[in-house]
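Dropping a structure here in structure tokens format, bear with me for questions.
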Amino acid sequence: MLIKNAELKGKAFADLRCDQGLIVEMGKGLQALANETVIDAQGGALIPGLHDHHIHLYSLAASYSSVACGPPNVTNSKQLADALISDKGEGWLRGIAYHDSVAGELTRWQLDQYINDRPVRIQHRSGKMWIVNSRAAEILQLNKHKDLQGVHCDDSGQVTGRLFRLDDWLREKLGVSTLPDIKPVSTLLASYGVTGITDATPTNSFSMVAELTKAIEQNKLLQRVELMGAIDLPESDHPYLTRGAVKLLLDEHKLPEFDQLVNHIQQAHQQNRPAAIHCVTRTELIFALSALLAAGRYPGDRIEHASVTPDEALSLMQEAQVSVVTQHGFIKERGDQYLADVKPEYHELLYRGKTFLDAGIPLAGSSDAPYGSPDPWLTMRAALDRRSDSGKTISKKECLTPEQALALFTGAARAPGSAQREITVGACADFCLLDRGWKSARTRLDCRDVKATIRDGKLIYYR
Ligand SMILES: [Zn+2]
């Protein structure tokens, strides 16, 4: 493939030749070879292919066939009932993005009032919990599984339909046939310029490696994938699929023994894998950082989310040399809710940006889709202006420049927040080509400016 007249780093126009997935020649006036695909960039900016450092691919695919059960579309119980009834499908109804502001702490009895003629499962926006109706509880035989950790019962010992952290168990019960087609979401990501993703689903295991390998081979999955998962996640032998960090979840109401967490981190390191620790509260963050320090550092160790970062955590982060993988898109998408729910003294500490960079802490961006929009450009804009949906600014001092916002998505997959991948001879041919120069693109940071996406020297998107 020959790309002509591309703008590189906001400056010189150049031609690039790619062969076998690598850049093999760069210069001016390169001539096309016989049968070579030629793309005229017409002065558009060529940037490294974007990498979304934290996404849940299959959940994202499933969300496209699910009913939205939370803000902004659904804000009260009447709208929730209407949304559920309006789904005309058969069999299991899958709801997503429920938030307690809609109808309180949902139970199966409440759900039954809205819909009881088909099994329903609704995922809480936090991703931690599913709520099922009584029809679903029957099918899942919840009464027989009262002792299973995560099956919630009320004071009288009745199952409430609230299932905590039981995704794996649910998937097993529902069968693999429920796995959705990922081609549509992979194509969508390609249209945003995304050439790589890190799937951060903690339960990824042997079957997911097989599933993704198949999807890549069938051309349904167009991105490279760094796959996080549990400690027993096997290695992959496909060049586009790499075994990533061990994902460790923390829940501040149920923190593990400190030594146990240290041990898990060390087990990850022994497998030559970094640890990726989910931290959304201040307590979880300090606990995780202390454990990382006790475990000894390993390159690529990462904090997922860092939703609330107090100043005292910064020096621990520096000491532990961890990367932060955050979601500035939540400032836009959930900012108004945060302003209502989060203590005012924490507002300045939400999904910080510039503070991390000033402290020399590697910072990478991600969508956390389907919990956030999969559009990385939305996240970049939020990192830049930090405005909520209603236009309120959250901690202006954390705003990034357009270049810093872009850099959230252009570092190496294995080292989130590392320097932008170089576009140079010998480098991997993963690019995002914009339809305009960077000088104009930086004022918009808009996914509609993506003209072509190239992974491994092959076009995966072109318009
Ligand atoms: Zn996530």
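The values are calculated or read from the model by the stated rules, or taken from the named source; none is laboratory data. Here the structure is a predicted model, which means the values were calculated and not measured. Reconstructed Cβ throughout: ideal geometry from the backbone, glycine too, with neighbour counts over all protein chains shown.
Given the criterion of a type outside the set (Lys, Arg), modelled with pLDDT of 95 or more and buried (at least 21 other Cβ atoms within 10 Å of the Cβ), identify the matching residue among GLY300, GLY296. If you could, list the steps in order and put the result at the bottom.
Values: GLY296 fails: buried (at least 21 other Cβ atoms within 10 Å of the Cβ).
Answer to the check: GLY300.
Follow-up. What's the number of the condition GLN158 fails, among (1) polar (S, T, N, Q); (2) within 16 Å of the ligand (Cβ to nearest atom); (3) more than 24 Å from PRO376 (Cα to Cα)?
The single condition GLN158 does not satisfy is (2).
Within 16 Å of the ligand (Cβ to nearest atom), out of contact with any strand residue (DSSP E or B) (no Cβ under 6 Å at 6 or more places or on another chain) and assigned to a loop (DSSP other than H, G, I, E, B) - does that describe any residue in region 143-154?
No, every residue in region 143-154 fails to be within 16 Å of the ligand (Cβ to nearest atom), out of contact with any strand residue (DSSP E or B) (no Cβ under 6 Å at 6 or more places or on another chain) and assigned to a loop (DSSP other than H, G, I, E, B).
I'm trying to understand the selection: among the residues of region 359-378, which are under 14 Å from LEU408 (Cα atoms) and either in a helix (DSSP H, G or I) or hydrophobic (A, V, I, L, M, F, W, C) (or both)?
ILE361, LEU363, ALA364, PRO376, TRP377, LEU378 - these are the residues of region 359-378 that are under 14 Å from LEU408 (Cα atoms) and either in a helix (DSSP H, G or I) or hydrophobic (A, V, I, L, M, F, W, C) (or both).
Which residue is farthest from GLU257 (Cα to Cα), if the candidates are limited to region 281-292 and must be touching an Asp or Glu at 6+ places or on another chain (Cβ under 6 Å) and surrounded by fewer than 20 Cβ atoms within 10 Å (Cβ to Cβ)?
Selected residue: THR281.
Then there is this: Which one of these is without any contact (Cβ under 8 Å) to a residue 12 or more places away in the chain, away from the ligand (no atom under 16 Å from the Cβ), farther than 22 Å from ASN272 by Cβ and over 15 Å from the mean Cα position of the chain (by Cα): LYS214, LYS220, LYS183?
Of the residues listed, the single one that is without any contact (Cβ under 8 Å) to a residue 12 or more places away in the chain, away from the ligand (no atom under 16 Å from the Cβ), farther than 22 Å from ASN272 by Cβ and over 15 Å from the mean Cα position of the chain (by Cα) is LYS214.
Could you look through region 155-180, keep only residues that are in contact (Cβ under 8 Å) with a residue 40 or more places away in the chain and under 24 Å from ARG108 (Cα atoms), and pick out the one that is farthest from the chain's Cα centre (by Cα)? Give the steps one after another, and end with the answer.
Residues of region 155-180 in contact (Cβ under 8 Å) with a residue 40 or more places away in the chain: 159-162, 165, 170, 174, 178-180.
Restricting the remaining residues to those that are under 24 Å from ARG108 (Cα atoms) gives 159-162, 165, 170, 174, 178.
Details: VAL159: 32, THR160: 30, GLY161: 27, ARG162: 25, ARG165: 18, LEU170: 21, LEU174: 24, THR178: 21 Å.
Ranking the candidates gives VAL159 first.
Take region 237-248 and flag every residue that is at pLDDT 95 or above and either outside the structural domain of LYS214 (by TED's automatic domain parsing) or not basic (Lys, Arg) (or both).
HIS238, PRO239, TYR240, LEU241, THR242, GLY244, ALA245, VAL246, LEU248
Looking at (1) closer than 17 Å to LEU400 by Cα; (2) at pLDDT below 95, find the lone condition where ASP341 falls short.
(1)
Next question. Looking at (1) over 20 Å from GLY300 (Cα atoms); (2) in a helix (DSSP H, G or I); (3) touching a residue at least 24 places away in the same chain (Cβ under 8 Å), which is the only condition PHE356 fails?
(1)
Tell me the residue from SER236, SER134, SER205 that is of a type in the set (Gly, Ala, Ser), under 30 Å from TRP109 (Cβ atoms) and more than 16 Å from the ligand (Cβ to nearest atom), please.
Numbers: SER236 fails: under 30 Å from TRP109 (Cβ atoms); SER205 fails: under 30 Å from TRP109 (Cβ atoms).
Sole residue among the options that is of a type in the set (Gly, Ala, Ser), under 30 Å from TRP109 (Cβ atoms) and more than 16 Å from the ligand (Cβ to nearest atom): SER134.
Looking at the structure I just gave you, is GLY329 farther than 17 Å from ASP358 by Cα and within 15 Å of the ligand (Cβ to nearest atom)? Let's see the steps before the verdict.
Values: farther than 17 Å from ASP358 by Cα: yes; within 15 Å of the ligand (Cβ to nearest atom): yes.
The answer is yes for GLY329.
Let me ask something else about it. Whether any residue in region 239-255 is surrounded by 14 or more Cβ atoms within 10 Å (Cβ to Cβ) and free of Cβ contacts under 8 Å to residues at least 12 places away in the same chain is what I want to check.
no
Within region 45-103, which residues are in a loop (DSSP other than H, G, I, E, B), acidic (Asp, Glu) and surrounded by 15 or more Cβ atoms within 10 Å (Cβ to Cβ)?
Passing the criteria: only ASP87.
I'd like the full set of residues that are in contact with an Asp or Glu (Cβ under 8 Å, 6 or more places away or on another chain), among the β-branched types (Val, Ile, Thr) and away from the ligand (no atom under 15 Å from the Cβ), limited to region 46-95.
Answer for region 46-95, where residues must be in contact with an Asp or Glu (Cβ under 8 Å, 6 or more places away or on another chain), among the β-branched types (Val, Ile, Thr) and away from the ligand (no atom under 15 Å from the Cβ): just VAL67.
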